[in-house]
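Remarks on the structure that follows.
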């Protein structure tokens, strides 16, 4: 097993952990429909995930807004940093995501 394989496995493991972290509030909201859950996550947009500072989710060169709209009923995105580089630069954003059936869509 080479070094790249180890990084690929670690990346997959981190993605799995991130998915579990976003599912926990979703499950809580589903079990208690009257109490919407709010989730705060750090999202990175850029060409290479390895160049992103600490984050929970990576959207490649895609749109953080579109990524958030697919997952949240209500949300707020605050850009924390931008660095030029790669095909699309590197943006770190804090995303506050409200999930639960009582939140307006």
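The values are calculated or read from the model by the stated rules, or taken from the named source; none is laboratory data. Note that this is a predicted model, so its numbers are computed, not measured. As a convention, Cβ positions derive from the backbone with ideal geometry for all residues, glycine included, and neighbour counts pool all protein chains shown.
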Is it fair to say residue 44 is under 15 Å from residue 88 (Cα atoms), in contact (Cβ under 8 Å) with a residue 24 or more places away in the chain and either touching a helix residue (DSSP H, G or I) at 6+ places or on another chain (Cβ under 8 Å) or outside any loop (DSSP other than H, G, I, E, B) (or both)? yes
Conditions (1) closer than 19 Å to residue 98 by Cβ; (2) at pLDDT 90 or above: number failed by residue 71: (2)
Taking the range 47-85 as the search range and keeping residues that are touching a helix residue (DSSP H, G or I) at 6+ places or on another chain (Cβ under 7 Å) and in a strand (DSSP E or B), which one is surrounded by the most Cβ atoms within 10 Å (Cβ to Cβ)? 57
Just checking, does the range 31-41 include any residue being within 13 Å of residue 93 (Cα to Cα), part of a loop (DSSP other than H, G, I, E, B) and at pLDDT 65 or above? no
